Amino acid sequence: MKAESGKKTSLLNLPFSSFRFHHWRVARRRWQIAEVFSALHVGVLVVPFLVGCASSPRVFFQYGTQFGQAELAQVLAENPLGASENIKIINLGYGQTISYHIVQVRDREAPHIHQAHDSVVVMMKGRGYLMLEDRRIDLKVGDIIDIPRGAAHYYVNTASEPTVAFVFFSPPFDGKDNVPVTAR
């Protein structure tokens, strides 16, 4: 490029050239991206530490017309799975169209279906797998699974401690719609 005097001039020497502005924008964007990745890196390291140090998870639910809250550790302490019990279902509450339960499983469930109920399971403690019809689904803490009504299913605990799950049923579950099926 030639300046008006006929001398060669570098684009970098021009006052606020579009070339300089472009490179400034690119450098700024790279810096912003680096900040995001740095924050994500710190988050990946810090968040699990904070979660591990956090108090017991809380469960919020409807109980009739009232709103309820429970700490998982307290619910489990007040309703321990007995040495001879394989499964324990703790009823937390219900609304007009849904019920809320804590389910503890020491070993495994028997294969069954719920003819009139859909359910959603949230893994709170432990690990294992759910057989849903012909599919094996490995589950761990934090996983959520939908089990539609009429689907044959059962859960197998693969951890050394009982598995704990927060389970929603719709319509509200009274414990009677549990139809045994033969294992597939």
>> Tally up the residues in region 137-160 that are under 20 Å from the mean Cα position of the chain (by Cα) and either surrounded by fewer than 16 Cβ atoms within 10 Å (Cβ to Cβ) or without any contact (Cβ under 8 Å) to a residue 40 or more places away in the chain (or both), please.
In response: 15
> Quick one: is V181 among the aliphatic types (A, V, I, L, M) and loosely packed, with under 13 Cβ neighbours inside 10 Å?
Replying inline: yes
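When you check L92 against the structure, is it surrounded by 13 or more Cβ atoms within 10 Å (Cβ to Cβ), free of Cβ contacts under 8 Å to residues at least 40 places away in the same chain and in contact with a helix residue (DSSP H, G or I) (Cβ under 9 Å, 6 or more places away or on another chain), yes or no?
Details: surrounded by 13 or more Cβ atoms within 10 Å (Cβ to Cβ): yes; free of Cβ contacts under 8 Å to residues at least 40 places away in the same chain: yes; in contact with a helix residue (DSSP H, G or I) (Cβ under 9 Å, 6 or more places away or on another chain): yes.
So L92 fits the description; yes.
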>> Go through (1) in contact with a Ser or Thr (Cβ under 8 Å, 6 or more places away or on another chain); (2) at pLDDT 95 or above; (3) under 20 Å from V59 (Cα atoms) for I98 and report which single condition fails.
In response: (2)
> Does H117 meet the test of being closer than 19 Å to K176 by Cβ, under 23 Å from the mean Cα position of the chain (by Cα) and either exposed (fewer than 15 other Cβ atoms within 10 Å of the Cβ) or not hydroxyl-bearing (S, T, Y) (or both)?
Replying inline: yes
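Residue-by-condition table, conditions (1) under 19 Å from V59 (Cβ atoms); (2) in contact with a Gly (Cβ under 7 Å, 6 or more places away or on another chain):
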position: Q74; (1), (2): yes, no
position: M131; (1), (2): no, no
position: V156; (1), (2): no, yes
position: V179; (1), (2): no, no
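The values are calculated or read from the model by the stated rules, or taken from the named source; none is laboratory data. Note that the structure is a prediction, hence the values are computed from the model and not measured. Glycine also receives a Cβ, built like all others from the backbone with ideal geometry; neighbour counts cover every protein chain displayed.
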